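Colleague: The structure's right below; bear with me while I get my questions together.
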Amino acid sequence: MIYVMSDFHLSLSTNKPMDIFGSGWKDHTKRIKENWPLTEADTIIMPGDLSWALKPDELIADLEFLDSLKGTKVLLKGNHDMWWTSPSKLQKITEVHPSIRFVHNDCLIVEGVSISGTRGWNLEGKTDKDLKILNREIIRLELSLSKIEGDNKIVFMHYPPLSTKVPVSMFTELFKKYGITKCYYGHLHGDAHDSRVDGIVDGIEYKLVSSDFLKFVPLLIN
């Protein structure tokens, strides 16, 4: 079975308690562990913001925690994943922690499902820097989507690929081009949950899967 949940925001080696963002985050790492539904045969897709770590040594405890949980974990990059580096270094993480894999400008086939996606970016950003990042993320998404196999096509993003203010984006246009049927995304927390787009838009189903929105219980999707 395949599950999804984003925004773990682990900080086992850094001083970044998440409950400063509200009581709903209290003991969230413990709650993730207690609520974990996966068996060793299952897979969870994690679209961004695994850890607050900035340096490799700060990441070790978070990776060990993640590796201790049952199942295969497939990670995509989020805006707070400052530890995320080159594909070769990500591969070294997989060699040490074989239950952890990455989608990075590519696509993985899990239980007959094509797992593709990218980080995305703020759709309402207007600066030259924002536009540069958005264009780069579009290229990364198309690299990932171009490697899809089969008919069961699901895309995962960290940032929402659309919003109530931006109902159509370059991301959603690529989804239509490549026949994507479902998109799961994260990034939104607290009051921002109310701005989410959930449901079917132009034939594509969208769903928010931030950990606090899911009450730290991974969502079964396949």
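Colleague: Suppose each label sits 7 Å from its Cα in the direction of the beta carbon; what would the ARG31-LEU220 distance come out to in nanometres?
Modeller: A separation of 2.2 nm, rounded to one decimal place.
Colleague: Separate question: Divide, for the range 1-47, the radius of gyration over alpha carbons by 2.2 N^0.38 Å, where N is the residue count.
Modeller: 1.29
Colleague: Less than 12 Å Cβ to Cβ from SER11, Lys/Arg counted +1 and Asp/Glu -1: what total charge do the surrounding residues give?
Modeller: Values: positive: LYS16; negative: ASP19, ASP49, GLU58, ASP62.
That sum, taken over residues with Cβ under 12 Å, equals -3.
Colleague: List the trypsin sites (Lys or Arg not before Pro) in the range 82-175 that DSSP assigns to loop (not H, G, I, E or B) and whose Cβ has at most 12 other Cβ atoms within 10 Å. Which are they?
Modeller: LYS126, LYS165
Colleague: Work through the residues other than THR72 whose Cβ is under 12 Å from its Cβ and net out their charges, Lys, Arg +1 and Asp, Glu -1.
Modeller: On the way: positive: LYS70, LYS73, ARG101; negative: GLU40, ASP42, ASP67, GLU111.
Local net charge: -1.
Colleague: Taking the chain as a Gaussian network, where each spring joins two C-alpha atoms under 10 Å apart, which residue of ASP42, ASP57, ASP212 fluctuates the most?
Modeller: Of ASP42, ASP57, ASP212, the most mobile in the Gaussian network model is ASP57.
Colleague: With springs connecting C-alpha atoms under 10 Å apart, model the chain as a Gaussian network and identify which of ASN79, ASN135, ASN15 has the largest mean-square fluctuation.
Modeller: ASN15
Colleague: At 222 nm, what value in deg cm²/dmol follows for the chain if DSSP H runs of at least 4 each add -39500 (n - 2.57) and the sum is divided by all its residues, to the nearest 500?
Modeller: Numbers: 5 runs with 57 residues, N = 222.
Computed ellipticity for the chain at 222 nm equals -8000 deg cm²/dmol.
Colleague: What net charge is computed for the residues neighbouring PHE21, neighbours being all others with C-beta under 14 Å from the C-beta of PHE21, Lys and Arg scored +1, Asp and Glu -1? Spell out each step's value before the answer.
Modeller: On the way: positive: LYS16, LYS26; negative: ASP7, ASP19, ASP27, ASP49, ASP191, ASP212.
With Lys, Arg at +1 and Asp, Glu at -1, the neighbours total -4.
Colleague: Which residues in the range 164-199 have a backbone N closer than 20 Å to a point placed 7 Å from the Cα of ASN122 along the Cα-to-Cβ line?
Modeller: 164-172, 185-197
Colleague: Also, I was wondering about something else. I'm a student and want to see the number: the projected area of the Cα convex hull of the range 85-160, averaged over all directions, in nm².
Modeller: Values: hull surface 23.2 nm².
Result: a mean projected hull area of 5.8 nm².
Colleague: GNM on the chain, C-alpha springs below 10 Å: top fluctuator among ASP130, ASP62, ASP81?
Modeller: Maximum among the listed residues: ASP130.
Colleague: Okay, next question. Could you check the spin-label model distance between ILE200 and LEU54? Points 7 Å from the Cα along Cα→Cβ, value in nm.
Modeller: 4.7
Colleague: Please turn the phi angles of the range 8-16 into ³J(HN,Hα) values with the Karplus equation 6.51 cos²θ - 1.76 cosθ + 1.60 (θ = phi - 60°), one per residue in order, whole Hz, x for glycine and proline.
Modeller: Karplus-based 3J(HN,Hα) across the range 8-16 equals 5, 6, 6, 8, 6, 10, 10, 8, 9 Hz.
Colleague: Moving to a separate point now. Hey, what D do you get for the chain in µm²/s if you plug the Kirkwood alpha-carbon radius into Stokes-Einstein at 10 °C and 1.306 mPa s?
Modeller: On the way: Rh = 17.5 Å.
D = 91 µm²/s.
Quick note: the coordinates plus some simple rules give every number you see, no bench work behind them. From a predicted model like this one, the values you see are computed outputs, not experimental measurements. Because the Cβ atoms are built from the backbone with ideal geometry, glycine has one as well, and the counts that use them run over all protein chains shown.
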